[in-house]
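Colleague: Got a structure here, written out as structure tokens. Questions coming.
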Amino acid sequence: MFSDDKDPRTAVTADESASASIHSSSSSSEDDKELEALGYVPSFKREFSNLATISFAFSIMGLCSSVATTFDTPLLLGGPSSVVWCWILGASMCFCLGASIAEVVSAFPTCGGLYTASAQLCPPSRRPIVGWVVGWLNILGQVAGLASTEFGLANMIWAAVVIAKNGNYDITAGKTVGLTTALLIVHGILNTLTTRNLALFTKGFVFVNLGATFLIIIVLLATTPRSEMHAANYVFGSDGVVNQTGGWNTGLAFLFGLLSVQWTMTDYDATAHISEEVRRAAYAAPSAIFIAVIGTGLIGWLLNIVLVLCSGPLENLPGPSDSAFLEIMTLRMGKPGALFLWTFVCLTAFFVCQTALQACSRTVFAFSRDHGFPDRGYLGRMSKWTQTPLNAIWATTLFSILPGLLDFASPAAANAIFSLTAMALDISYIIPIFLRRFYRNHPEVHFKPGPFYMGPGLLGWAANVICISWTLFVSVIFSIPTVLPINAQNMNYASVITGGVVLLSGVWYIISAHRHYKGPISNLPQKKEEETD
């Protein structure tokens with residue numbers, strides 16, 4: 001039928017491949033034009049596909065690993081019912097925040113994320129100070145988040161060792177800090193890969209994350225006798241409200257359950273920070289955020305319900321491993337089964353750290369590119385070898401090691417740095433959302449909606465108002481010490497440190513930083529001059 005020797009199926013495949021290549025090139029060209037319209041020269045290769053971007057968004061939240069590291073807080077403060085109801089309440093509010101963030105990211109798909117957007121959504125005279133404060137809040141939250149997640153992963157690994165050794169193993173600060181530092185260096189090395197390799201590596205994260213979660217749910221239900229499952233009133237009702245705060249009223253103890261979901265469902269804008277590496281970024285990045293928030297909220301709720309249902313006597317938790325999640329798995333699955341599945345939980349946490357370091361390094365790169373650091377743009381340089389910001393990657397890695405070292409001096413100080421993560425990040429998120437509404441009619445502020453847009457009507461307004469109000473409310477919860485009586489070890493310093501960073505960054509800006517930092521600025525003229533020279 002064919003006059004040549006070519007297999008028609010091969011010809012079709014080749015044509016499809018060529019078409020896909022042309023489409024990819026075309027979409028990258030459109031993305032680059034959009035980035036230039038925002039004032040920046042395209043510096044990254046756009047290698048993240050839709051799947052890789054969605055996988056990245058899911059991975060930054062961690063789901064089963066994040067629940068594992070935060071599950072003790074609601075369970076041991078407000079009781080089982082606090083675990084279940086605070087999760088779905090917080091997840092619903094986070095859905096409004098995630099949708100509002102996605103809307104802003106769609107309009108400003110740059111690696112500066114909401115830091116860049118904040119400065120663009122206020123009058124030019126206020127851009128420097130707004131960009132400066134939001135930038136520092138966002139970087140603080142991301143560095144603390146990376147450090148705390150890596151620290152949590154180290155503790156998860158040591159918890160498995162304790163279980164394997166039947167509780168006969170002593171975990172010292174040196175072991176925990178040493179493992180945390182080693183893991184951060186490993187993630188620094190992995191992040192030196194090219195964007196193409198990072199995208200290929202990231203694609204599989206979502207399958208491990210969701211697969212491990214569903215496998216844990218199924219195995220827990222299969223291995224727990226029906227007679228040993230807790231009654232509905234314990235899981236959802238008043239029997240499950242157990243105040244173990246040492247003195248706070250039961251209502252506040254119950255609300256401490258919000259800490260788990262807020263710590264898990266944060267760092268939404270991480271996907272925005274890789275948007276200059278994403279194809280069709282104005283579509284893909286916000287969609288990934290939206291999908292990940294819904295998926296994490298609903299699947300996380302199911303996981304929490306099953307954990308409480310199969311948890312056994314509350315007085316036996318968190319057990320010798322100091323992890324109620326792992327103790328429940330060990331109780332129901334036996335030691336071998338629990339440790340096998342725990343490996344995948346740890347692997348999920350490993351992926352969280354991998355994506356968190358990538359996102360944070362892009363924020364540091366963007367802030368340096370805008371002269372936010374007194375480094376003469378050193379951290380804003382791209383490697384000619386990998387076309388990624390290697391200087392920013394290793395600076396972020398080193399910055400993230402420092403909080404863990406505080407554990408040698410004072411575990412309370414280290415925990416104080418870790419606990420401010422969600423507060424610093426969430427406050428940095430609501431600032432651009434507030435500015436967009438507050439300056440909506442200002443003649444010098446122009447918000448051009450992206451493809452992901454909730455519209456000018458009630459839906460968009462409701463989502464924005466709810467997420468701002470909720471973030472302010474939950475920030476108060478973040479600031480309260482969870483246990484009475486208060487002492488140096490259990491004092492909550494999150495609000496003090498977060499407020500201190502805002503104050504000190506403002507003073508720094510007034511005294512000297514205003515000389516070199518003018519807000520997010522275009523690097524197009526500079527680039528053109530360099531090319532002309």
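Colleague: Could you list, by residue number, the cysteines of the chain that have no other cysteine's beta carbon within less than 4.7 Å of their beta carbon?
Modeller: Cysteines lacking a close Cβ partner in the chain: CYS64, CYS86, CYS94, CYS111, CYS122, CYS310, CYS346, CYS353, CYS360.
Colleague: Which percent of the accessible heavy-atom area of the chain goes to carbon and sulfur, probe 1.4 angstrom?
Modeller: Details: 14000 of 21640 Å².
Within the chain, the accessible surface is 65 percent carbon and sulfur.
Colleague: Using packing as a proxy for protection, rank 163-173, 352-362, 84-94, 227-237 so that the peptide with the highest average count of other Cβ atoms within 10 Å comes first.
Modeller: 352-362, 84-94, 227-237, 163-173
Colleague: Please list 3J(HN,Hα) in residue order for segment 164-174, calculated via the Karplus relation 6.51 cos²θ - 1.76 cosθ + 1.60 where θ = phi - 60°; whole Hz, with x for glycine and proline.
Modeller: 3J(HN,Hα) across segment 164-174, in whole Hz: 4, 8, 6, x, 9, 8, 9, 9, 9, 4, x.
Colleague: Angle check, please: helix 205-223 long axis (alpha carbons) against the longest principal axis of the chain (alpha carbons), in degrees 0 to 90, nearest 10.
Modeller: Between helix and principal axis, roughly 20 degrees.
Colleague: Follow-up. Calculate one ³J(HN,Hα) per residue across segment 443-452 by plugging θ = phi - 60° into the Karplus curve 6.51 cos²θ - 1.76 cosθ + 1.60, and present them in order as whole Hz with x for glycine and proline.
Modeller: Ordered by residue, 3J(HN,Hα) equals x, 9, 10, 10, 9, 9, x, x, x, 8 Hz.
Colleague: Right, another one. Taking the solvent-accessible surface of protein heavy atoms with a 1.4 Å probe, what is the per residue accessible area of the chain in Å²?
Modeller: With all protein chains present, the chain gives 41 Å² per residue.
Colleague: From the backbone phi of segment 52-65, what are the Karplus-calculated ³J(HN,Hα) couplings (6.51 cos²θ - 1.76 cosθ + 1.60, θ = phi - 60°) in whole Hz, Gly and Pro given as x?
Modeller: Couplings: 5, 5, 5, 4, 4, 5, 5, 5, 5, 8, x, 6, 5, 6 Hz.
Colleague: How much length is gained if the chain between THR172 and SER410 is pulled fully straight, taking 0.36 nm per residue apart and subtracting their Cα-Cα distance, in nm to one decimal? Walk me through the numbers on the way to the answer.
Modeller: On the way: separation 238, 0.36 × 238 = 85.68 nm, distance 1.28 nm.
Between THR172 and SER410, full extension yields an extra 84.4 nm.
Colleague: Ok, one more. For segment 437-533, which GluC sites (Glu not before Pro) pass both filters: DSSP loop (anything but H, G, I, E, B) and at most 15 other C-beta atoms within 10 Å?
Modeller: GLU444
Colleague: Please compute the length gained on full extension between TRP508 and ILE291, using 0.36 nm multiplied by the number of residues separating them and subtracting their Cα-Cα distance.
Modeller: 74.2 nm
Colleague: Please get the size of the charge dipole for segment 45-515, origin at its Cα centre, with Cβ charges of +1 on Lys and Arg and -1 on Asp and Glu, quoted in debye to the nearest 20.
Modeller: Roughly 1360 debye, rounded to the nearest 20.
Colleague: Something else about it: Please report the net charge: other residues with Cβ closer than 13 Å to the Cβ of MET61, K and R +1, D and E -1.
Modeller: Its environment carries a net charge of -2.
Colleague: Between the DSSP loop rule and a limit of at most 11 other Cβ atoms within 10 Å, which chymotrypsin sites (Phe, Trp or Tyr not before Pro) in segment 313-399 are left?
Modeller: Here the sparse-neighbourhood loop sites are TRP385.
Colleague: If I stretch the segment between LEU459 and ARG437 completely, what's the gain in nm (0.36 nm per residue apart, minus their alpha carbon distance), one decimal?
Modeller: Gain in length upon complete extension: 6.6 nm.
Colleague: Which entry in [x] 26.7, 98; [y] 23.7, 88; [z] 23.0, 78 is this structure's computed Rg and Dmax of the Cα atoms in Å?
Modeller: [y]
Colleague: For segment 433-485, run through the trypsin sites (Lys or Arg not before Pro) and keep only the ones in DSSP coil with at most 16 other Cβ atoms within 10 Å of their Cβ.
Modeller: Here the trypsin sites (Lys or Arg not before Pro) that fit, given the DSSP loop and packing criteria, are ARG440.
Colleague: Can you give the helix-only mean residue ellipticity at 222 nm for the chain, where every DSSP H stretch with n ≥ 4 adds -39500 (n - 2.57) and the sum goes over all residues, rounded to the nearest 500 deg cm²/dmol? Could you put the intermediate results ahead of the total?
Modeller: Values: 22 runs with 366 residues, N = 533.
After summing the helix terms and dividing by residue count, I get -23000 deg cm²/dmol.
Colleague: Sequence-distant or interchain residues sharing an amide H contact under 5 Å with VAL445, placed H: which?
Modeller: Here the answer is none, since no amide H 5 or more places off falls under 5 Å of that of VAL445.
Colleague: Ranked from the most accessible area to the least, with a 1.4 Å probe and all protein chains present, what is the order of ARG127, ARG226?
Modeller: Ranked from most to least accessible, the order is ARG226, ARG127.
Colleague: While we're looking at this one, here's another question. Pull up all non-local amide H partners of GLY79: gap of 5 or more, or a different chain, and H-to-H distance under 5 Å with H placed in the peptide plane.
Modeller: HN-HN under 5 Å from GLY79: VAL242.
Colleague: Spin-label point model (7 Å from Cα, Cβ direction): what's the GLU444 to THR250 distance in nm?
Modeller: If labels sit at GLU444 and THR250, their model points lie 5.5 nm apart.
Colleague: Now for a different question. With r defined as the distance between the Cβ atoms of SER92 and ARG376 and R0 fixed at 56 Å, what FRET efficiency is calculated, to the nearest 0.05?
Modeller: Working: r = 46 Å, r/R0 = 0.82.
For R0 = 56 Å, the calculated efficiency reads 0.75.
The values are calculated or read from the model by the stated rules, or taken from the named source; none is laboratory data. Quick caveat: nothing in here was measured; it's all calculated off a predicted structure. Reconstructed Cβ throughout: ideal geometry from the backbone, glycine too, with neighbour counts over all protein chains shown. Side chains included, ligands, DNA and RNA excluded: accessible areas come from the protein's heavy atoms. Shrake-Rupley method; radii C 1.70, N 1.55, O 1.52, S 1.80 Å.
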